[in-house]
1. Answer rounded, prolate or oblate for region 176-290, using the Cα gyration tensor with square roots of eigenvalues a ≥ b ≥ c: rounded when a/c is under 1.5, else prolate when a/b is larger than b/c, else oblate.
2. Can you pull the one-decimal nm distance between simple spin-label points at residue 276 and residue 247, each 7 Å off the Cα toward Cβ?
3. Could you give the spread of the C-alpha atoms of the chain along their three principal axes, from largest to smallest, in whole angstroms?
4. Where in region 135-175 is the amide nitrogen less than 20 Å from a point lying 7 Å along the Cα-to-Cβ axis of residue 5?
5. Restricting to DSSP H runs of at least four residues, report the calculated mean residue ellipticity at 222 nm for the chain, -39500 (n - 2.57) per run over all residues, nearest 500 deg cm²/dmol.
6. If the elastic network links every pair of Cα atoms under 10 Å, which of 132, 59, 121 fluctuates the most in the Gaussian network model of the chain?
7. If you take the square roots of the eigenvalues of the alpha-carbon gyration tensor of region 1-150 and sort them as a ≥ b ≥ c, do you get rounded (a/c under 1.5), prolate (a/b over b/c) or oblate?
8. Assuming a ≥ b ≥ c are the square roots of the Cα gyration tensor eigenvalues, decide whether region 37-92 counts as rounded (a/c under 1.5), prolate (otherwise, with a/b larger than b/c) or oblate.
Ligand SMILES: O=C(O)CCC(=O)C(=O)O
Ligand SMILES: [Fe+2]
């Protein structure tokens, strides 16, 4: 299997829904993010100039944007370059929001994460900017929490992705203590003595470059590697299609406190019903929220 690469002019929203969203088939849009002002503007120079002092943390270490850019561009070789370096856009760089409109690119809709019911970042739905340097690897093969589908918008540099077709869970050895992560440490050089079933898996590796958008359907194992200095913006998609699985996760993630689980799940059930109603009424949601 290969991941299809399409010009946005060659696929309508309806086709995307029928051919990719419903069956869970990944897709690379060559240019769907051209509708964002950020496209063609986000770069290390631009961030150094405009947000050089803006801070973020990776683990226990705090970095300024200037330091981040020096690290990923190899101007500072005195310490390791972590991956990923993330900014939560809504809280750490809210000024960028108008440059990422409409978030849904005309395809990632209806998106219940854009409704006021699920707007707060409690549902795995942060709008995140990822910054990486050459060779920076996402630390594990994983599924995204809450069965959300991911939209990864590459805005600067090339990033390599690997995805595994749906249905290969047992070949990827989910961690019993966190079944959203694979225990396989280095899939490019797997220890087949330890992980024999991995040999049956059929990874698909490909690169996305500036301007391209990768749609990763929920339930699809994936990982990434930055090939050079890279900047991406990722958002998630939730609607009637993945809501049942989402709801189960809302419960399961709070299962140690049944009262809390019941309260939060009830809220989500009601919010979901309201969003469904909104879809039926053809409501357009604010696209400045993720
Ligand atoms: O861009 C990347 O490094 C992958 C990010 C990812 O898969 C995630 O945050 O869930
Ligand atoms: Fe992910």
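Where a number appears in this text, it was derived from the coordinates with a stated rule and is not lab data. Since this is a predicted model, take the numbers as computed values, not measurements. When we count neighbours, we look across all protein chains shown, and the Cβ atoms used for this are built from the backbone with ideal geometry, even at glycine.
1. It is oblate, given that a/c is not under 1.5 and a/b is not larger than b/c.
2. That separation, rounded to one decimal, is 0.6 nm.
3. 52, 50, 44
4. Within reach of a label on residue 5, which here means backbone N under 20 Å from a point 7 Å along Cα→Cβ, region 135-175 contributes 135, 151-165.
5. -5500 deg cm²/dmol
6. Residue with maximal mean-square fluctuation among 132, 59, 121: 59.
7. In terms of gyration-tensor shape, prolate.
8. Note, shape of region 37-92 comes out oblate.
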